[in-house]
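Asker: Let me give you the structure first, and then I'll get to my questions.
Every read-out reported here was derived from the displayed coordinates using simple, explicitly stated rules and does not represent laboratory data. Since the model is a prediction, treat every value here as computed from it, not as a measurement. No Cβ is skipped: glycine too gets one built from the backbone with ideal geometry, and neighbour counts run over all protein chains shown.
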Amino acid sequence: MKKSESQNDTATAIREAAERLFSERGFAAVSLREIAREAGVVVSSVSYHYEGKLDLLQTIYDIHTIPMNARRLELLGEARQIADLSARLRAILRAYLLPTFSFAANGAAGGGARFTRMRAVLSAEGDPEAKRIIAAAFDGVTRSFLDAIAECLPGADRRQIVWRSQFLLGALYYTLINPERIERLSDGATSGTDHETAIRELVDAAHASFRALSREHVADYSTAD
């Protein structure tokens, strides 16, 4: 094996070990020494390939989110060409969800249960540096989707759109992290690993939630300030 190939293999092993540990225990509780042990390398190898834990986390997010977000924006552009607002909203929601499930299914960078679990754990942990990386990875694309959703909902309050997008994200997290619960509670009638069904159900639920806002021209928020 060439030296460059060996170095790439080591860097990949370190990154995957870090992702496994971060997804199980969060960011703050994991040390570089533990990452090295999980990867089967010495600590100096971690320091050679990465500047520290933040650099490792940034690399993990870049590898997963850059292709996923690019695909999301590509599908969003297509969805925004649809004239009917209800159909456009449905296409926008599918554009947001489909890349996550597609990458999770084929194992490519961009998604999967482990990365989704890591996102959920780190979001709950609230480490300020990790939050900065998460925000940089997603906020720009999310704002594009929020703008597109708002265009489909005349009269809707932007604050309510943001809230309901947060609920959609939570549903997406849980669907990818715990698919077996669907099969268990349905007594085997449906499977959480059926990604096309999962996408359809998530789109249907979110579509109904968002569409309700366009009819709520006088919302509770109007008296909240």
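Asker: Quick one: angle between helix 195-213 and the longest Cα principal axis of the chain, in degrees between 0 and 90, rounded to 10, please.
Answerer: It works out to around 50 degrees.
Asker: Taking Cα atoms of segment 1-50, Rg/Rh with Kirkwood Rh, to two decimals?
Answerer: Radius of gyration relative to Kirkwood radius: 1.00.
Asker: At a 10 angstrom cut-off on C-beta neighbours, averaged per residue, how do the peptides 89-100, 195-206 rank from highest to lowest?
Answerer: Taking the mean over residues of other Cβ atoms within 10 Å, the ranking is 89-100, 195-206.
Asker: Right, something else. Per 10 Å bin from zero, what fraction in whole % of the C-alpha pairs of segment 63-218 is there, up to the bin with the longest pair?
Answerer: For segment 63-218, the pair-distance distribution reads 10, 39, 36, 15, 1.
Asker: Compare Ala29, Ala39, Ala130 in a GNM of the chain, Cα atoms joined below 10 Å, and give the one with the largest fluctuation.
Answerer: In the Gaussian network model the winner is Ala29.
Asker: Ranked from highest to lowest mean number of other Cβ atoms within 10 Å per residue, what is the order of the peptides 159-167, 62-70?
Answerer: With the highest mean Cβ count within 10 Å placed first, the list reads 62-70, 159-167.
Asker: At a threshold of 8 angstrom on Cα-Cα distance, excluding pairs fewer than six apart, so keeping six or more, what relative contact order does segment 63-218 reach in percent?
Answerer: Over segment 63-218, the number comes to 27 percent.
Asker: Over all directions, the average projected area of the alpha-carbon convex hull for segment 1-95 comes to how many nm²?
Answerer: Averaged projected hull area, Cα only: 8.4 nm².
Asker: Using just the helices of the chain, give the 222 nm mean residue ellipticity in deg cm²/dmol: DSSP H runs with n ≥ 4 each add -39,500 (n - 2.57), and the total is spread over all residues, rounded to 500.
Answerer: Estimated from H runs of four or more residues: -25000 deg cm²/dmol.
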